[in-house]
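J.: Structure in structure tokens, see below.
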Amino acid sequence: MTRATVAPAPEAPAAARAPRALQAVRGMNDVLPDEAGLWEQVEDAVRGVFRQYGYRNLRVPLVEPTALFVRGIGEYTDVVEKEMYTFEDRLNGDSLTLRPEATAGIVRAAIEHNLTYERPQRVWTAGPMFRHERPQKGRYRQFHQFDVEALGFAGPDVDAEQMLMLARLWKALGVAEGITLSINSIGDAPERVAHRARLIEHFERHAAILDDDAKRRLHTNPLRILDSKNPALQEMVAAAPRLLDLLGASSRAHFDGVQRLLSDHGVAFRIEARLVRGLDYYNRTVFEFVTDRLGAQGTVAGGGRYDGLFEQLGGKPTPACGFALGVERLILLLQESGSVARAAPLAYIVHSGDAASALAGRAAESLRDAGHAAVLNAGGGSFKSQMKRADVSGARFAVLIGDDEAAAGTATVKPLRGGGEQFTVPVAELATALSASPPSPI
């Protein structure tokens, strides 16, 4: 007896198959509603502190000519060499790049629109930046920054002002503990040229132990070797000539001024002679705020002075100083400290029946007219299921409107947070009644 063979079912035509679910690009993350509350908390605090110091918002495009970053950031930096998202404009063949940082774009805008013609400017921008890096916690391919720039200011007072502003922000967010400030001066161009020659000489004497990355940088950007994380190079790096020892009188006076102002305002700092920034446009003051609570990605803000960038990009000589603040890392800090932020409504309105639904809609609008957040239940459901939604929403009050309330033009208010007795109130007086209720304890 032969075994019957069953022919496999014919494969469904391609058009009938369910499409494969798509996912976000690796390293470019969604921010879901429960976490977005923390983002709003950070954004509100940052904008408030910037406003206190007179910084105004300026918005620049996400896409810029590639040449802007090659000229501004530096041809031999990691960002330009390995990390930029660069593509050709299909219409005209121009080379374009998703911005990997914001300073170059802000300076381009300042030159293009003559922003500093009449007076210096304090500005900030915010939004996503893009770098093709290996994604890891706190370091993503699409990441978000607040970027602050003081354009046209030459003295150390603005350098110190920006560090004071950040110190105030850490306090406002409740994350100041464990964040430390490191500062350094990398001098002016002649001092960096002299230092560069000494660095190359020093590194060449230790050529046998240089790793491939250090060898690549040796004659293009030797200053970046000082920032190497390779344990085998640390002793050699520690013995390298220090730029601080080569500062001229003007650079030294500027750096002394920064230190004096920070001390006058009680902002603790340490001088880190090996601190360099990864972009070529910096001079004189450089600084970083670092936390001990995020592991390897501990830098939450960093920046410095870049007095030569305007000229590099075709503008008139203009002194400037700025910094970038990483939003994702601040969010991680807040989460690590147990912070929870959620935009909860004042009231969740539960209703059943046509007349009750109409009155519930009017009640919701009256609360919104008074400036309150009110969520009107949608999609029907029993009173029990709607009450569960009200509780999950985080609302302080559930406002119940059924047939009896609709007939009387009233609403029953049930406190969901902080205790209190249930009460009934005319819908016309609902906003006043809820406004007068004592706030829930924190």
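Throughout, read-outs are computed from the coordinates displayed, never taken from laboratory work. Not measured: the values here are computed from a predicted model. Glycine also receives a Cβ, built like all others from the backbone with ideal geometry; neighbour counts cover every protein chain displayed.
J.: At 0.36 nm per residue, minus the direct Cα-Cα distance, what do Q335 and V392 gain on full extension? Give it in nm, one decimal, please.
T.: My answer for the length gained is 18.5 nm.
J.: Taking R0 as 30 Å, what's the FRET efficiency between I200 and Q259 from their Cβ-Cβ distance, rounded to 0.05?
T.: The formula returns an efficiency of 0.55 here.
J.: Moving on. Compute the acute angle (0 to 90°) between the alpha-carbon long axis of helix 383-393 and the principal axis of greatest extent of the alpha-carbon atoms of the chain; round to the nearest 10°.
T.: 20 degrees
J.: If I model a spin label as a point 7 Å beyond the Cα along the Cα-Cβ vector, how far apart are those points for H219 and Y85 in nm?
T.: 3.6 nm
J.: Here's another thing I want to ask about it. Which one of G420, F143, S228 has its Cα pushed farthest toward the positive end of the charge dipole of the chain, where Lys and Arg give +1 and Asp and Glu give -1 at the Cβ?
T.: The residue sitting farthest along the positive end of the dipole is S228.
J.: Another question about this same structure. Which one, G315, G326, G93, has the greatest fluctuation when you compute a Gaussian network model over the chain with C-alpha springs under 10 angstrom?
T.: Between G315, G326, G93, it is G93 that shows the largest mean-square fluctuation.
J.: Let me ask another. Just flag the trypsin sites (Lys or Arg not before Pro) in region 72-110 sitting in loop per DSSP whose Cβ has no more than 15 other Cβ atoms within 10 Å.
T.: Those satisfying the criteria are R90.
J.: Please give the contour-minus-distance gain from A208 to V267: 0.36 nm per residue of separation, less the Cα-Cα distance, rounded to one decimal in nm.
T.: Computed gain between A208 and V267 is 17.0 nm.
J.: Cα centroids of region 236-260 and region 30-106: how far apart, whole angstrom?
T.: 30 Å
J.: Angle between the Cα long axis of helix 327-336 and the longest principal axis of the chain, 0 to 90 degrees, nearest 10?
T.: Approximately 60 degrees, to the nearest 10.
J.: Under 20 Å from a point 7 Å along the Cα-to-Cβ line of K137: which residues of region 37-70 have their amide N that close?
T.: Zone members listed by number: 38-39.
J.: Also, I was wondering about something else. For the chain, with a Gaussian network of springs between Cα atoms less than 10 Å apart, report the residue from F289, F50, F423 with the top mean-square fluctuation.
T.: Judging by the Gaussian network model, the answer is F423.
J.: Right, next: Cα axis of helix 156-173 to longest principal axis of the chain: angle in degrees, 0 to 90, nearest 10?
T.: On a 0 to 90 degree scale, this one is about 30.
J.: Taking Cα Rg over 2.2 N^0.38 Å straight from the coordinates, which label in [x] 1.08; [y] 0.96; [z] 1.31 is the correct one?
T.: [z]
J.: Let me ask you something else. Once both labels are modelled 7 Å past Cα along the beta-carbon direction, what's the L62-A18 spacing in nm?
T.: My value for the distance between the label points is 3.0 nm.
J.: Okay, next question. Picking from T220, T97, T291, which is most flexible by a Gaussian network model of the chain using Cα springs under 10 Å?
T.: T220
J.: Return the distance in nm (one decimal) between the two label points of a simple spin-label model at A428 and R242, each offset 7 Å from Cα along Cα→Cβ.
T.: Result for the modelled spin labels: 7.8 nm.
J.: Name all residues of region 401-427 having a backbone nitrogen under 13 Å from the label point set 7 Å from the Cα of A355 along its Cα→Cβ direction, giving them as ranges.
T.: Counting only backbone N, you get 402-410.
J.: List, in order, the whole-Hz ³J(HN,Hα) value for each residue of region 137-147 obtained from phi through the Karplus relation with A = 6.51, B = -1.76, C = 1.60 and θ = phi - 60°; use x for Gly and Pro.
T.: 4, x, 9, 10, 7, 10, 10, 10, 9, 9, 10
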